[in-house]
Amino acid sequence: MTSTEYGSIEREIYVDASPEVVFEVVSSPEHISQWWTDDAEFEVSPGAVGEFVWGDRVDVHAMTVVDVQPPRRFSFRWCFPDDKVEDSANSLLVTFELTPSGAGTTIRLTETGFREMGWEVAKLEEQYREHSIGWDTFVPRLGEYLARLVSTP
């Protein structure tokens, strides 16, 4: 593959839950830490800065909220160089787009910015592959979490 092919990662999943419920689950720290991270801390407000945490703070990533449009869209930037949030810094943009579909919602996750990071080709390929594998794990986990959430009385 050439580096031009590492533009974005896209995943789509249908869930039997309303866009309002899905929006809460993809945008609030207490829900995110149930299906993706071990912990998360941020305000659900554009420009808010926070962090995603895995393990006992073994892996901590700074993040900043970009777009909040309940119940349709939530996006954030993460993977900043040196994990410091900077407006000018290259970072990866993750967007959740929620579309009502029948009785449920189609969730479309897009992660972009890989080519803009300025990584060497080997690092670009490795990061893209790691994130692809990650979303292959966590998007289905998001679906399973939502299914449990809406089936609980």
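In this entry, Gly118 passes the filter for residues that are modelled with pLDDT under 95 and not polar (S, T, N, Q). The lone criterion from (1) open to solvent by less than 60 Å² (accessible area, probe 1.4 Å); (2) farther than 30 Å from Ala17 by Cα left unmet by Thr95 is number (2).
For region 75-92, what are the residues that are buried (at least 20 other Cβ atoms within 10 Å of the Cβ) and either touching a Cys at 6+ places or on another chain (Cβ under 9 Å) or not in a strand (DSSP E or B) (or both)? If the condition is that a residue be buried (at least 20 other Cβ atoms within 10 Å of the Cβ) and either touching a Cys at 6+ places or on another chain (Cβ under 9 Å) or not in a strand (DSSP E or B) (or both), then Cys79, Ser91, Leu92 are the ones that fit.
Considering only residues in region 105-148 that are over 19 Å from the mean Cα position of the chain (by Cα) and aliphatic (A, V, I, L, M), the one that is farthest from Asp87 (Cα to Cα) turns out to be Ala122. Under the condition of being among the aliphatic types (A, V, I, L, M) and open to solvent by less than 50 Å² (accessible area, probe 1.4 Å), the residues counted in region 98-153 number 8. Reported count of residues in region 57-74, each being modelled with pLDDT of 95 or more and either open to solvent by 70 Å² or more (accessible area, probe 1.4 Å) or of a type in the set (Phe, Trp, Tyr) (or both), is 5.
The values are calculated or read from the model by the stated rules, or taken from the named source; none is laboratory data. Note that this is a predicted model, so its numbers are computed, not measured. Note: ideal-geometry Cβ built from the backbone for every residue, glycine included; neighbour counts use all protein chains shown. For the accessible areas, the whole protein counts, side chains as well, though only heavy atoms, and no ligand, DNA or RNA atoms are used. Shrake-Rupley method; radii C 1.70, N 1.55, O 1.52, S 1.80 Å.
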